[in-house]
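Notes for the one structure printed next.
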Amino acid sequence: MLTNRDLRRTWKTLAGKAGLSKEIRDRLQNHTLQDVSSKSYDRWNYMPEKRVAINRWDKFAANCWRRRSASPC
């Protein structure tokens, strides 16, 4: 049985393979960053960085889809 957790884990793994940093993957998955600076001082929403990451993911996923019969991502 496939669960939401499976999808999130698979996406996070493949997004890393696509070159997205762990920090931006965490932000895209809406994970709370626990360091003092992030919790108390950093109010930036990182939307431009998220857009760049999602565009990179889109290209990676599209390339995987095109190559799916030859070799998986």
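Return one number: the angle in degrees, 0 to 90 and rounded to the nearest 10, between the long axis of the Cα atoms of helix 4-17 and the longest principal axis of the Cα atoms of the chain.
90 degrees
Considering lysine pairs in the chain that are 8 or more places apart or on different chains, how many have Cα atoms under 17 Å apart?
Lysine pairs meeting both conditions in the chain amount to 7.
Would you mind checking the tilt of helix 47-66 against the longest principal axis of the Cα atoms of the chain, expressed as 0 to 90 degrees and rounded to 10?
10 degrees
In a GNM of the chain with a 10 Å cut-off on Cα contacts, which of A15, A61, A53 has the highest mean-square fluctuation?
Fluctuation is largest for A61.
With +1 on the Cβ of every Lys and Arg and -1 on the Cβ of every Asp and Glu, and nothing else charged, how large is the dipole of the chain about its Cα centre, in debye rounded to the nearest 20?
320 debye
In which sequence would Y41, Y46 go, from the one with the fewest C-beta neighbours within 10 Å to the one with the most?
Listing Y41, Y46 from fewest to most nearby Cβ atoms yields Y41, Y46.
For the chain, count the residues as N, evaluate 2.2 N^0.38 Å, and divide the Cα radius of gyration by that value, please.
1.29
So for the pair C64, L14, with labels modelled 7 Å out along Cα→Cβ, what separation do we get in nm?
Inter-label distance under the simple model: 0.3 nm.
Every number here is computed from the coordinates shown, using simple stated rules; none is lab data. None of the values given here were measured: they were computed from a predicted structure. Quick reminder, even Gly has a Cβ in these numbers, built from the backbone with ideal geometry, and neighbours come from all protein chains shown.
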